[in-house]
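The values are calculated or read from the model by the stated rules, or taken from the named source; none is laboratory data. Since the model is a prediction, treat every value here as computed from it, not as a measurement. Here Cβ is always computed from backbone atoms with ideal geometry, including for glycine, and neighbour counts include all displayed protein chains. Surface areas here come from the heavy atoms of the whole protein model, side chains and all, with no ligands, DNA or RNA. Shrake-Rupley method; radii C 1.70, N 1.55, O 1.52, S 1.80 Å.
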Amino acid sequence: MTGLVPTAARPSFNTGHLLRTLLPALSMTLILLAIAWLNPRAISYFGFSLMLNLAIPIALATVAQMFVITINELDLSIGTFVGFVGCVTATWLHDAPVFGVLVLVASVGVYAGLGALIHLRNLPPIVVTLGMSFVWQGLAILVLPKPGGAAPDWLKAFMGFQTPFVPFPIIAAVVIGLVVHFGLMRSSYGAVLRGAGGNQQAIGRAGWSLLKTKVVMFALTGTFGVISGMALIGITTSGDANIGNGYTLLSIAGVILGGGEFVGGRVSPIGAVIGALTLALAASPLLTFMHIPPDWQVAANGVILITVLAARALIGRKGA
Amino acid sequence: MRMTRLFAFPWVWSFIGALVVWLAAVNFTGGHGAGGMITAALSLAVFTVIVGLGQMFVITLGPGNVDLSLPANIGLASAVAMKTMDGHDSMIAVGLLAALACGAVIGLANYALIRLLRIPPIIATLSSSFIILSTDIHYGRGLQIKPPQGFADFANVKILGFPVLALFGVVLALVAWVALQRMVYGRSVLAIGQNMRAAKLAGIPVERVRLLTYTLCGALGGINGALLAGYFRGASVDIGNEYLLSSIAVVVIGGTSVAGGKANVPGIWGASLFLVLLLTMLNTFGVSAGLRLLLTGLIIVGVITAAGGHKTGR
């Protein structure tokens, strides 16, 4: 009779795996519940529009970071790059649209070139991108020495669009998540790109160009960085060379919160978007409601990150 | 023949680079302030050397090992040191010890996160840096806390144009070199960096060595915070900001392998002097802040590209 109990009590691998997959959504739900409990009025159309105001640029930067993390690299320059794009958007894209577009396209080209350089010379991505963070910041200051400029009207109109029933940031987040999910997780070349992070040698021996995968992934990072910077300026309506500096750390944290891993090409686009939304929600609304002094708001990000990682470690141990 | 053998050392290039940028700056000023430039460079480079040595040991542990919490660590330790000294010369030693302990505890906490949560060091040190930063903002209250006069004087004193702190940096580098090349600890760090599994099978207490290395790196960050606060006559939250890039950059430019298992102590000094003199050169040229950042970034990427390309494998 008692012999039947152990088999039933033994956790199967699938439960652990499922929990792991659901962890990002679970943590966001917890944050939402906390907000709803502290301030029920926040759970409304306008509440979400306000709370998630800055979530879209963060989600885009997180997805940008996710592309390089897929191939086991890291971009420590994404924050200053978003700032640079913001400065170009608030100046050249407004005053001379054709030139502005050319500059932004060229900056994506620089990203693609970096991918090639890192691959061909076997360079440490941390140092290269840290160096590039100075380059982007320097360029941003040269383009826009003092905070100011103006966002193009069409961009302001687009970012301020009021959708019926569901707030715009939520729709945008769903669209971003699904587009990247189908591109990277469901397409055949997406599998090759992830494979370049999982098993480089296998992808190389199967006849795929590793150089091309790196170039494509870095170009994607640059592209989403550009969209992130433009979205940010569409919301803030003016530029500042330092506007994106915090995004580097936020984007890495978002990818990891979303269930991504640093090596092995194991990432999740939808998870990354959820991770970014969680950080955006937790960053200020929750803390303001909880009366946490501004001194400790940065620490809250760290605590959330550590808590989620601890939960993941716990689940991983049970599931193994 | 001797020349070719000398050029085989990776660290030689960093010193040559430092010499080239110094000559460029001196050439621009027409020989004015050539000695002063070296004195200033020595005083500033020593701070990069101190954290660079800590980062070198961490990076040598193998791929993925890096300490991103150093800037926050330096900031907090500078506040701890200055608050402990509280402007009294008699408390200098206690303040230094407090900063050292603060840094060591941060290093220990970093290791605990890495080990207990089984997460990559980048994420562990990143998360902890958020918390350290907040602690510093709360603890330091954003005020500039002044060092005692005796400590500020000590941090700025020079003997025959040679800063005393630089002397400390040289001694520290010598100790690091002995620890790395002649002691069981250093050889263990190198072995772990070359192949962690082999090191474990060979009976090296891998986890104890990693714990020691992260604690050491944290402690060096702590000492650096105290010394910086003395040199710049005050602690502040962002006093350590530039050491995120520079601590990693000097390790790589100095010839230490990012793949781990190969470290280079003299290169840390050469690369630190190079970075500081590079900034001095750009300042003497009188370029704007934006252009200075741009050129610094481009030169770092350029140097890494030139120095990189060792096919060490992962």
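Looking at this structure, is A:Leu257 within 30 Å of A:Arg186 (Cβ to Cβ) and out of contact with any strand residue (DSSP E or B) (no Cβ under 7 Å at 6 or more places or on another chain)? Answer is yes for this residue. If only residues of region A:280-292 that are open to solvent by 20 Å² or more (accessible area, probe 1.4 Å) and either of a type in the set (A, V, I, L, M, F, W, C) or closer than 14 Å to B:Leu133 by Cβ (or both) are counted, the one that is farthest from the other protein chains (Cβ to nearest Cβ) is A:Phe289.
Checking B:Ala226, B:Ala259, B:Ala306, B:Ala271 one by one, the residue that is farther than 24 Å from A:Leu144 by Cα, assigned to a loop (DSSP other than H, G, I, E, B) and either without any contact (Cβ under 8 Å) to a residue 12 or more places away in the chain or more than 7 Å from chain A (Cβ to nearest Cβ) (or both) is B:Ala259 and no other. For region B:141-152, does any single residue satisfy the condition of being open to solvent by less than 50 Å² (accessible area, probe 1.4 Å) and either at positive phi or within 14 Å of chain A (Cβ to nearest Cβ) (or both)? No, region B:141-152 contains no residue that is open to solvent by less than 50 Å² (accessible area, probe 1.4 Å) and either at positive phi or within 14 Å of chain A (Cβ to nearest Cβ) (or both). The residue pairs whose first member lies in region A:108-128 and is more than 7 Å from chain B (Cβ to nearest Cβ) and on the phi < 0 side of the Ramachandran plot, whose second member is hydroxyl-bearing (Ser, Thr, Tyr) and not in a helix (DSSP H, G or I), and whose beta carbons are closer than 9 Å, counting only pairs six or more residues apart or on different chains, are A:Leu114/A:Ser77.
Pick out, from region B:20-118, the helices (runs of 4 or more DSSP H) lying fully within it that include 3 or more residues that are over 19 Å from the mean Cα position of the chain (by Cα) and under 22 Å from B:Arg141 (Cβ atoms).
Values: elements: B:34-60, B:70-85, B:92-116.
Result: B:70-85, B:92-116.
Applying the set (1) within 14 Å of chain B (Cβ to nearest Cβ); (2) touching a Gly at 6+ places or on another chain (Cβ under 7 Å); (3) free of Cβ contacts under 8 Å to residues at least 12 places away in the same chain; (4) not polar (S, T, N, Q) to A:Gly204 leaves exactly one unmet item: (2). Would you say B:Asn264 is open to solvent by 10 Å² or more (accessible area, probe 1.4 Å), polar (S, T, N, Q), more than 10 Å from chain A (Cβ to nearest Cβ) and free of Cβ contacts under 8 Å to residues at least 40 places away in the same chain? The answer is no for B:Asn264.
So, B:Ile59, is that one within 14 Å of chain A (Cβ to nearest Cβ) and at pLDDT 90 or above or not? It is true that B:Ile59 is within 14 Å of chain A (Cβ to nearest Cβ) and at pLDDT 90 or above.
Just one of the listed residues (A:Thr62, A:Thr80) is within 16 Å of the chain's Cα centre (by Cα), crowded, with 22+ Cβ neighbours inside 10 Å and within 12 Å of chain B (Cβ to nearest Cβ), and it is A:Thr80. Right, A:Leu277: closer than 28 Å to A:Pro40 by Cβ, buried (at least 24 other Cβ atoms within 10 Å of the Cβ) and of a type outside the set (Asp, Glu) or not? The answer is yes for A:Leu277. In region A:256-279 there is at least one residue matching the filter, namely being touching a Phe, Trp or Tyr at 6+ places or on another chain (Cβ under 9 Å) and at the interface with another protein chain (Cβ under 10 Å from one of its Cβ atoms).
Condition check: closer than 26 Å to B:Gln194 by Cβ, of a type outside the set (Val, Ile, Thr) and open to solvent by less than 10 Å² (accessible area, probe 1.4 Å). Does B:Gly52 satisfy that? In short, yes.
Please work out which one of (1) modelled with pLDDT under 95; (2) within 13 Å of another protein chain (Cβ to nearest Cβ) is the condition B:Asn110 fails and give its number. All conditions are met except number (1). Only a single item in (1) touching a Pro at 6+ places or on another chain (Cβ under 9 Å); (2) closer than 30 Å to B:His138 by Cβ; (3) assigned to a helix (DSSP H, G or I) is not met by B:Asp238, and it is number (3).
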